[in-house]
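Shown next, in structure tokens, is the structure this report addresses.
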Amino acid sequence: MNQYGKSQFPIQQAFLFALQGIRLRLGRMLLVLAGVAVAIAFTNVLLTTNALFDALPPKLTAEAQGMTRQGVFRWLWVAVALLICTAGTLNAIVMSVTERIKEIGTLKCLGSRDIHIVQIFLLESILLGMLGGLLGGVIGYGAALLNFVAAVGAKYLTAKMAAAAVVYIPVCIGVSAALALLASVVPVFMAAKVEPAAAMRYEV
């Protein structure tokens, strides 16, 4: 409690609770993480490959693009992959909230407010998104380099091109975290509105 009678819940404590939730459900979270990573890797393969081809000399650009680019359909596949990624994260957060209803009730009985519950689950979701984005971004970057080398040859891949394409890894992390945050908003705010007495009687 602070001097105004309101409970305090440091963000560091919310972060620790989020880590604990991931650790206790590690098997399921790893499956979700793998799904997110695959979707983000696919996205980064497209982004990085396009960037590498755009950096080729003009005389090679048209030929290389003709061999490897499939137009709007590739972007549609990316949209489907990201939708699956979002759905997987949503399912993981819904299950996490459902299994921890009594824990939410206990926290509320100890003085936690709705905003504290929101912090815990949003941080858990964002952590999953960022880890999946990092893993998928790195895998996608490596796969794009291999694809480029296989398509046009290693001699056209310069250190400058490879270094410039690294920028898409943090982009992937940001996109993944944003999608995870979007997927978790509804179940998290529903969890925050659970009444303590009802939560303590809840059976999974």
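One residue is enough: does the stretch 6-23 have a residue meeting the conditions modelled with pLDDT of 85 or more, over 19 Å from the mean Cα position of the chain (by Cα) and either farther than 19 Å from L135 by Cα or not acidic (D, E) (or both)?
no
Does any residue of the stretch 138-146 turn out to be in contact (Cβ under 8 Å) with a residue 24 or more places away in the chain, among the β-branched types (V, I, T) and part of a helix (DSSP H, G or I)?
Yes.
Would you pick out the residues in the stretch 87-134 that are of a type in the set (V, I, T) and crowded, with 21+ Cβ neighbours inside 10 Å?
Matches in the stretch 87-134: T89, I93, V97, I104, I117, I120.
Quick check on my filter: what residues within the stretch 135-163 are of a type in the set (F, W, Y) and buried (at least 18 other Cβ atoms within 10 Å of the Cβ)?
Y141, F148
Return yes or no: is I115 in contact (Cβ under 8 Å) with a residue 24 or more places away in the chain and under 17 Å from R100 (Cα atoms)?
Yes, satisfied.
Return the total of residues in the stretch 42-80 being at pLDDT 80 or above and over 20 Å from T158 (Cα atoms).
Here the count works out to 4.
Give me the pairs: first residue in the stretch 181-194 and modelled with pLDDT under 80, second residue not polar (S, T, N, Q), beta-carbon distance under 6 Å, and six or more apart or on different chains, which are they?
Matching pairs, first to second residue: A191/V97; A191/I104; A191/I117; A192/D114; A192/I117; A192/V118; V194/I104.
Within the stretch 73-107, can you find the residues that are of a type in the set (V, I, T) and under 18 Å from V186 (Cα atoms)?
Result: I84, T86, T89, I93, V94, V97, T98, I101, I104.
Output the residues belonging to the stretch 21-33 that are among the aliphatic types (A, V, I, L, M) and free of Cβ contacts under 8 Å to residues at least 60 places away in the same chain.
Residues satisfying the conditions are L24, L26, L30, L31.
The values are calculated or read from the model by the stated rules, or taken from the named source; none is laboratory data. From a predicted model like this one, the values you see are computed outputs, not experimental measurements. Cβ coordinates were reconstructed from backbone atoms using ideal geometry, including for glycine residues, and neighbour counts include every protein chain displayed.
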